[in-house]
């Protein structure tokens, strides 16, 4: 009985996710699984919004605080930093709350 109920719930969640256009993610419960979801969302955002064409690409992504991550992108003679503040929604998806850009020149 429990397995059939769990299977029905799983199917319902899949159908609900498809109705939303596949936007719902299940990030899991461990810190590593949640970090993975956050990093995936950050990488998606960078792919959609970052316009730098020169340089060496992403050199690091670090977790500064629980919900704050800092991305370093190497460029010619400088490093661009994007600091993300994120939130984990009730449906398990990650929402970017704030994005702050800065640059360090050499």
Is the shape of segment 25-105 rounded, prolate or oblate, going by the alpha carbon gyration tensor and its root eigenvalues a ≥ b ≥ c, with a/c under 1.5 for rounded and a/b larger than b/c for prolate?
-> prolate
Here FRET efficiency (C-beta to C-beta, residue 54 to residue 85, R₀ 35 Å, nearest 0.05) is 0.80
Can you put 90, 80, 98 in order, fewest other beta carbons within 10 Å first?
-> 90, 98, 80
How would you rank 46-56, 65-75, 30-40, highest first, on the average number of other Cβ atoms within 10 Å across their residues?
-> 65-75, 30-40, 46-56
Which FRET efficiency value, to the nearest 0.05, do you get for residue 98 and residue 74 by plugging their Cβ-Cβ distance into 1/(1 + (r/R0)^6) with R0 = 25 Å?
-> 0.60
Figure the gain on full extension for residue 64 and residue 32 (residue separation times 0.36 nm, minus the Cα-Cα span) and round it to one decimal in nm.
-> 10.0 nm
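Bear in mind these aren't lab numbers, they're just calculated from the coordinates by the rules spelled out. Worth saying up front: this structure is predicted, and the values here are computed from it rather than measured. All Cβ positions, glycine included, derive from the backbone under ideal geometry; neighbour counts span all protein chains shown.
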